[in-house]
Amino acid sequence: MANFRDLPSELRNRIYELCLLHQEPIDPWTHHYPRQDLTPGLLLANKTIHREANPLLYAQNRFDFTSAAPEDVASFLGTIGHNAEYIRHICINFPSLRHLEPGNVALEEGSIGIFAHIQSRCANLSTLTTALNSTNDTVLQLDALDHPKTVTEALTLVDTCFSAILSLQYVIVQVYEDGPSGYIKSQMENLGWTVSETEYVDEWGSERSFDDDYWNRVDRDGWDDDDDDDGDSYDIDNDITGPRGLREPASRNPFEPKNRKMLFNPSHRNLVLRILRFSTSAPLWPSMVSRSRRQQPTPSGGVTWSIDSEMDRLEGRASSLDLEAFD
């Protein structure tokens with residue numbers, strides 16, 4: 001019978017990606033954890049799998065710290081221990097500023113604390129992204145000052161925090177297209193930050209503007225049911241190039257069609273399915289999510305979550321792949 005170690009390393013890595021990578025940033029503190037896309041129980045299989053897969057979990061996922069206080073960040077990074085050194089991508093709130101007066105600009109203590117914990121624990125962090133809404137709030141504050149010297153002083157102070165993380169290659173600042181003034185945007189870019197612009201979404205969820213010809217067509221012919229979107233130039237990958245380094249690719253999604261074709265050896269099929277079945281959706285960090293829901297291993301080596309439903313889900317995931325080599 002085939003052994004997991006007999007699988008090619010490329011195939012093992014693909015299994016790890018299917019089980020452990022999530023397209024959206026992971027918030028370790030949320031109760032609405034994306035467990036439908038993560039199966040961290042795979043790490044409990046044996047020491048070999050844990051050693052191979054653990055770095056991928058932390059290095060290739062993005063972690064969302066926007067809902068966390070400094071003590072939360074310290075607790076999380078302390079809980080994962082040396083694994084914090086694998087983390088490469090973090091999303092944070094834009095540092096909060098106070099005393100926005102010439103020569104007296106300072107950072108809020110909470111922002112200083114979060115940066116201190118990240119700097120001391122995440123030795124290989126390469127990308128730091130500031131959340132859209134928090135960045136917009138700061139931009140509005142700075143715009144309201146109408147004082148270029150203070151704006152420059154404030155942004156330079158923030159960059160001092162970024163630069164203290166020696167491994168950092170990319171600072172991505174998310175803003176609305178009509179958000180920062182030309183002066184603020186140019187100052188951000190002069191500091192080496194990548195300004196990633198997002199179109200404002202109104203309360204109806206529409207983020208596109210339609211010209212008069214379109215509305216005239218709607219009035220004349222009714223709503224357009226044509227499904228042809230060949231003319232749509234929207235790029236969902238949103239790849240970003242920053243002056244601090246080379247092109248930063250969008251997060252790889254193993255479920256995209258181009259990543260689904262897997263030329264497995266037919267003799268490995270049952271082994272692959274057994275591995276996927278073993279991987280359960282227990283929270284990665286139970287103490288961070290809900291201490292009262294922490295689960296203990298069962299004598300069979302699994303965990304006391306809804307194993308049957310989880311196995312059904314994983315069976316469906318495996319069967320959804322393009323496994324032509326099995327036929």
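The values are calculated or read from the model by the stated rules, or taken from the named source; none is laboratory data. Since we're looking at a predicted model, the values are computed, not measured. When we count neighbours, we look across all protein chains shown, and the Cβ atoms used for this are built from the backbone with ideal geometry, even at glycine.
Restricting attention to region 12-32, does a residue exist that is at pLDDT 85 or above, aliphatic (A, V, I, L, M) and over 17 Å from the mean Cα position of the chain (by Cα)?
So far as region 12-32 goes, yes, one or more of its residues are at pLDDT 85 or above, aliphatic (A, V, I, L, M) and over 17 Å from the mean Cα position of the chain (by Cα).
Listed residues D224, D239; which is over 30 Å from E101 (Cα atoms), touching a Pro at 6+ places or on another chain (Cβ under 8 Å) and modelled with pLDDT under 95?
D239
Run down H89, H82, H99 and say which single residue is within 30 Å of N13 (Cα to Cα) and without any contact (Cβ under 8 Å) to a residue 24 or more places away in the chain.
Criteria check complete, one pass: H82.
How many residues, within region 162-174, are touching a helix residue (DSSP H, G or I) at 6+ places or on another chain (Cβ under 8 Å) and either modelled with pLDDT under 95 or surrounded by fewer than 17 Cβ atoms within 10 Å (Cβ to Cβ) (or both)?
1
Restricting to region 157-186, count the residues that are of a type in the set (S, T, Y) and either under 21 Å from the mean Cα position of the chain (by Cα) or outside the structural domain of F115 (by TED's automatic domain parsing) (or both).
Number of matching residues: 3.
Being touching a Pro at 6+ places or on another chain (Cβ under 7 Å) and surrounded by 14 or more Cβ atoms within 10 Å (Cβ to Cβ) is the requirement here; does C122 meet it?
no
Taking C91, is it assigned by TED's automatic domain parsing to the domain that holds H147, surrounded by 15 or more Cβ atoms within 10 Å (Cβ to Cβ), more than 30 Å from L145 (Cα to Cα) and touching a strand residue (DSSP E or B) at 6+ places or on another chain (Cβ under 8 Å)?
Against the criterion (assigned by TED's automatic domain parsing to the domain that holds H147, surrounded by 15 or more Cβ atoms within 10 Å (Cβ to Cβ), more than 30 Å from L145 (Cα to Cα) and touching a strand residue (DSSP E or B) at 6+ places or on another chain (Cβ under 8 Å)), C91 does not qualify.
Give all pairs with beta carbons closer than 7 Å in which a residue from region 179-192 that is more than 24 Å from Q169 (Cα to Cα) meets a residue that is surrounded by 20 or more Cβ atoms within 10 Å (Cβ to Cβ); count only pairs at least 6 apart in sequence or on separate chains.
Close Cβ pairs satisfying both conditions: G179/V139.
Condition check: in the same structural domain as N133 (by TED's automatic domain parsing) and either touching a Pro at 6+ places or on another chain (Cβ under 7 Å) or in contact (Cβ under 8 Å) with a residue 12 or more places away in the chain (or both). Does A45 satisfy that?
No, not satisfied.
Please find, within region 47-86, the residue that is surrounded by the fewest Cβ atoms within 10 Å (Cβ to Cβ) out of those that are of a type in the set (K, R) and assigned to a helix (DSSP H, G or I).
K47
Mind counting the residues in region 135-156 that are surrounded by fewer than 17 Cβ atoms within 10 Å (Cβ to Cβ) and either outside the structural domain of V171 (by TED's automatic domain parsing) or modelled with pLDDT under 95 (or both)?
Residues in region 135-156 being surrounded by fewer than 17 Cβ atoms within 10 Å (Cβ to Cβ) and either outside the structural domain of V171 (by TED's automatic domain parsing) or modelled with pLDDT under 95 (or both): 10 in total.
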